[in-house]
Each structure stands twice: as structure tokens, then as C-alpha cells.
1. Given the residues S46, S31, which is the only one that is small (G, A, S) and within 24 Å of T66 (Cα to Cα)?
2. Just to be sure, is A88 among the hydrophobic types (A, V, I, L, M, F, W, C), over 14 Å from F16 (Cα atoms) and loosely packed, with under 15 Cβ neighbours inside 10 Å?
3. Report, ordered by the first and then the second residue, all pairs with beta carbons closer than 8 Å, sequence separation of six or more or different chains, a first member in the stretch 1-22 that is surrounded by 14 or more Cβ atoms within 10 Å (Cβ to Cβ) and modelled with pLDDT of 95 or more, and a second member that is assigned to a helix (DSSP H, G or I) and of a type in the set (G, A, S).
4. If F67 meets every condition in (1) touching a residue at least 40 places away in the same chain (Cβ under 8 Å); (2) in contact with a helix residue (DSSP H, G or I) (Cβ under 6 Å, 6 or more places away or on another chain) apart from one, which number is that one?
Amino acid sequence: MPDTRIHPMGAARDHFFLTLGMAKACGADLSEALADGRITQEEYASIMTACRTCKKPGACSKLLATFDELIAAPDYCVNRDKLAEIAAE
């Protein structure tokens, strides 16, 4: 049965850096994508907010501490598809 309880969001600062780290590891430069119009400010904010809903920030931190580059974000990453899309552009 899926967990339908409401969970608190993670700390904004922590997830901001996790998002940037994961994006960089996957070859997706979010600042560049925002600056050149590939993503909007709303999309940027949505990416950051989505990361705050992640239930595995510890696993993400360990992954980023272990690997500088990744082929893709892990399956559990809520931003996996969006980061892959930005990296491919």
C-alpha cells in the first residue's frame, strides 16, 4: 500500500546544494539553462522544490560524495527526467 501521509519538506539550503550537485554530476548546468532561456524561473524553482520532497537525501549526498560524474540521476531522483533533458540540450 503506498504511503499517502504528508511528509515535511527537507531544508531548502540542503536541497539547493543537492540539486546543484546532482545537476552538475549529470552534466546539466541549471544556471546556464536559466540564463539562456531553456528553463524558466518557475521551472528552476520547481526543480529546487521537487528535490525538497525527496525521501532519500542521505543516499543522494553519499552518491555525490563518491562520484563526480554520473550517466544519469538515480532512479529515486524526482528531477531525474528534467536533469536528463537539460543535459541533452
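1. Exactly one of S46, S31 is small (G, A, S) and within 24 Å of T66 (Cα to Cα), namely S31.
2. Yes.
3. Taking only residues 6 or more apart or on different chains, the pairs are L18/S61.
4. Just one mismatch for F67, condition (2).
The values are calculated or read from the model by the stated rules, or taken from the named source; none is laboratory data. As the structure is a computational prediction, the values presented were derived from the model and not from experiment. Please note: Cβ atoms are built from the backbone with ideal geometry, for glycine as well, and neighbour counts cover all protein chains shown.
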